[in-house]
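J.: What follows is a structure written as structure tokens; I'll ask about it next.
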Amino acid sequence: MSTPSLVSDCPSASPSNVARSPSLFSAWMDCAKIAKILVPPVEVTDHFNKLYQLEEVPSTLVQGPLPTSFLDNEPEFQLTVRTWGSTLRPVEGDEYGILPALPILALAYSRFRKTSNNYSSEHTQRRSIDDIIELAFSARLDRHCDFKTEESYRLVASAGKSDAQSDTLVTIPSTTIADKIQVDRLYFRGDRTIFHHLYWSTGGATHDFSIIGFAGEFKKDDNDCNENQLIMVLATAQAQRKALSLKPSIIMGAIACRGRVQIFSSYWTSDDSLVCIYAHEQQFNLSDPIQVIRLYVFCSKLERHFQGTLALELKTWNTPTEITLQSRKWRSPGHIKKRRRTEESGNGSNGGRGGGNDGPVEADGFDDDRYMNIMKWRNEVVKDGKEGKVVSDEDNSLDAASGWLQFDGRAIAPLS
């Protein structure tokens, strides 16, 4: 059974530089055994279509009254949604929680509409996409995934810096897997570090356990780089799942640039030799209220799919054997933090910055370029004025919407 190359002949540049360089990324794909395809198996398109399909809506969405006055401030959103809803089959139930999600979805739409051509507001658009994804996967009592931003993970096939960061990461926690791994580790007589390959996290084995279920890369001006960084995350997700000996599964992710969200699917070939990546043609244009709702429902259906399929599979799951783990090792080697050494005794007055002290310097696994990009993005937040306590109409509306959502599920975290 083929496994990705761990280090040999793989790029040694930082993950962000690999993602930005066509030649380096192509070399990384070869090492990681990743292939982009143009014609996917029917299972891949069927899976997407089932998630995208929406044929019925809550009758209240069409007939009214809507359960919150917040939407009175968004007449365009309300009219568009009502008109669209009237073309679908009305039902009494609200299977995916569209009604309680409307205030946040309307707010996300408002931000996209107002900033779609504003090149200084990446943070506004990114947080709006995050709001939709978090609401669908995590921020309700009936959703059971974990939602993370700027989360580090271990790369496949990296000869240099072995850890990267994902803009958005949705993970599926499992106490069942965590408990079984912990018990089996106690009786394991070999090198226990092999269990690290069951984890996506940078440090390997942790007390908590989760599986990557969905990822997103949402830089505003560079969809090629977004796509490459997403593929890196999906490669890790598929490698972890294979190491766990879970059944083959389609793992999805998304990229977004200027409010247009595109979904990608990843899956192993039938002989487990390659991870295939397919970019779905259908996109979600978040300047359209209907597409905002569709993205929310798409992710809500995916969350339900996670819980149903994983719960069924875990009824018979057991920790892989040592032989299986050896054949499915995938994690790039970590790098130990370097220390500066000098011949002087350490009596210098520089505090270790260049004198005689043994001070820690930059860790090999730290991606300087990625850090600078994050700081640049966060500086835009400060310039926006919201951290200067300038309260906008949107923020007042969000406070009201969040209070209303507290009744339906757990409260949404403040967005500013």
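The values are calculated or read from the model by the stated rules, or taken from the named source; none is laboratory data. The shown structure was predicted, so the numbers you read here are calculated from the model rather than taken from an experiment. Please note: Cβ atoms are built from the backbone with ideal geometry, for glycine as well, and neighbour counts cover all protein chains shown. These area figures cover heavy atoms from the full protein model, side chains too; ligands, DNA and RNA do not enter into them. Shrake-Rupley method; radii C 1.70, N 1.55, O 1.52, S 1.80 Å.
J.: Taking region 211-239 on its own, how many of its residues are open to solvent by 10 Å² or more (accessible area, probe 1.4 Å) and assigned to a helix (DSSP H, G or I)?
T.: 6
J.: Further question: So which of Leu107, Leu79, Leu135 ends up being closer than 30 Å to Ala311 by Cβ and aliphatic (A, V, I, L, M)?
T.: Just a single option satisfies the conditions, and that option is Leu135.
J.: Quick check: anything in region 111-129 open to solvent by 20 Å² or more (accessible area, probe 1.4 Å) and aliphatic (A, V, I, L, M)?
T.: Checked region 111-129: no residue is open to solvent by 20 Å² or more (accessible area, probe 1.4 Å) and aliphatic (A, V, I, L, M).
J.: Take region 287-318 and flag every residue that is under 19 Å from Phe214 (Cα atoms), among the small types (Gly, Ala, Ser) and in contact with a helix residue (DSSP H, G or I) (Cβ under 8 Å, 6 or more places away or on another chain).
T.: Listed by number, the list holds a single entry, Ser300.
J.: Can you list residue pairs whose Cβ atoms sit under 8 Å apart, with the first residue in region 124-136 being within 10 Å of Thr168 (Cβ to Cβ) and the second being in a helix (DSSP H, G or I) and open to solvent by less than 10 Å² (accessible area, probe 1.4 Å)? Count only pairs 6 or more apart in sequence or on different chains.
T.: Ile129/Ala108; Ile133/Cys299
J.: State whether one or more residues within region 166-176 are in contact with a Leu (Cβ under 7 Å, 6 or more places away or on another chain) and open to solvent by 40 Å² or more (accessible area, probe 1.4 Å).
T.: Within region 166-176, one or more residues are in contact with a Leu (Cβ under 7 Å, 6 or more places away or on another chain) and open to solvent by 40 Å² or more (accessible area, probe 1.4 Å).
J.: Suppose we keep only residues that are under 11 Å from the mean Cα position of the chain (by Cα) and of a type in the set (Phe, Trp, Tyr) within region 205-239. Which one would you say is farthest from Phe112 (Cα to Cα)?
T.: So the residue we want is Phe214.
J.: Kindly check whether there is at least one residue in region 73-87 that is surrounded by fewer than 15 Cβ atoms within 10 Å (Cβ to Cβ), polar (S, T, N, Q) and touching a helix residue (DSSP H, G or I) at 6+ places or on another chain (Cβ under 8 Å).
T.: Yes, region 73-87 contains a residue that is surrounded by fewer than 15 Cβ atoms within 10 Å (Cβ to Cβ), polar (S, T, N, Q) and touching a helix residue (DSSP H, G or I) at 6+ places or on another chain (Cβ under 8 Å).
J.: Now a separate question. In region 307-337, what count of residues is obtained for those that are touching a residue at least 40 places away in the same chain (Cβ under 8 Å), closer than 30 Å to Leu105 by Cα and open to solvent by 20 Å² or more (accessible area, probe 1.4 Å)?
T.: Adding up the residues that qualify gives 2.
J.: Is there any pair linking a residue in region 179-194 that is more than 18 Å from Gln240 (Cβ to Cβ) to one that is part of a helix (DSSP H, G or I) and at pLDDT 90 or above, with Cβ under 7 Å and at least six apart or on different chains, and which?
T.: Gly190/Glu322
J.: Right, Asp208: part of a loop (DSSP other than H, G, I, E, B), open to solvent by 10 Å² or more (accessible area, probe 1.4 Å) and not small (Gly, Ala, Ser) or not?
T.: Yes, satisfied.
J.: Inside region 73-96, can you point out the residues that are closer than 15 Å to Val297 by Cβ and of a type outside the set (Phe, Trp, Tyr)?
T.: Val81, Gly85, Leu88, Arg89, Val91, Gly93, Asp94, Glu95
J.: For residues that are closer than 30 Å to Leu88 by Cβ and part of a loop (DSSP other than H, G, I, E, B), scanning just region 15-45, find the one that is least open to solvent (accessible area, probe 1.4 Å).
T.: Pro40
J.: Read through the list (1) open to solvent by 30 Å² or more (accessible area, probe 1.4 Å); (2) part of a loop (DSSP other than H, G, I, E, B), then give the number of the only condition that Arg294 fails.
T.: Condition (2) is where Arg294 drops out.
J.: crowded, with 21+ Cβ neighbours inside 10 Å and not in a strand (DSSP E or B): is that true of Gln182 in this structure?
T.: No; evaluated as a whole, the condition is false for this residue.
J.: If you scan region 46-60, which residues turn out to be assigned to a helix (DSSP H, G or I) and crowded, with 16+ Cβ neighbours inside 10 Å?
T.: His47, Phe48, Leu51, Tyr52, Thr60
J.: Only one of these conditions is not met by Asp163: (1) in contact (Cβ under 8 Å) with a residue 40 or more places away in the chain; (2) open to solvent by less than 20 Å² (accessible area, probe 1.4 Å). Which number is it?
T.: Only one criterion in (1) in contact (Cβ under 8 Å) with a residue 40 or more places away in the chain; (2) open to solvent by less than 20 Å² (accessible area, probe 1.4 Å) is unmet by Asp163, namely (2).
J.: I've got another one for you. Quick one: in region 146-159, which of the residues that are farther than 17 Å from His207 by Cα and open to solvent by less than 10 Å² (accessible area, probe 1.4 Å) is nearest to the chain's Cα centre (by Cα)?
T.: Leu155
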